[in-house]
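What follows is a set of notes on a single structure, which appears directly below.
Values in this text are rule-based calculations from the coordinates and carry no lab data. Note that the structure is a prediction, hence the values are computed from the model and not measured. With ideal geometry, Cβ positions are generated from the backbone for all residues, glycine too; neighbour counts draw on all protein chains shown.
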Amino acid sequence: MKKLMDWMTRPACICCLGSLGVALLIVGIVTAAINATFAAFTPIIWFLLALACYLGMMWAVLMRILARLESKTQS
């Protein structure tokens, strides 16, 4: 748990997940607009992947809050 908390509480993790989510959302919008599939991924798959990235980003924020609360209780 400690290693996961150390990795997830880095601001770079939140930034990377957010950027990947935006990129996947744009790919989903473009594939829906031109009505195409790339590598057998339909637009809904791209949107679901973006949603997973956004959920991961929210999880990272919750982990930061948890780490901060734990550091306050140890002090």
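What are the principal axis extents of the Cα atoms in the stretch 15-75, in Å, biggest first?
For the stretch 15-75, the Cα spread along each principal axis is 56, 15, 14 Å.
Quick one: what are the phi-derived ³J(HN,Hα) couplings along the stretch 10-26, Karplus 6.51/-1.76/1.60 with θ = phi - 60°, whole Hz, x for glycine and proline?
The phi angles translate into 6, x, 5, 5, 5, 5, 5, 5, x, 5, 5, x, 5, 4, 5, 5, 5 Hz.
Just want the answer: with Cβ charges of +1 for Lys and Arg and -1 for Asp and Glu, which residue in LEU49, ILE29, THR73 is farthest toward the dipole's positive end in the chain?
Looking along the dipole axis, the top candidate is THR73.
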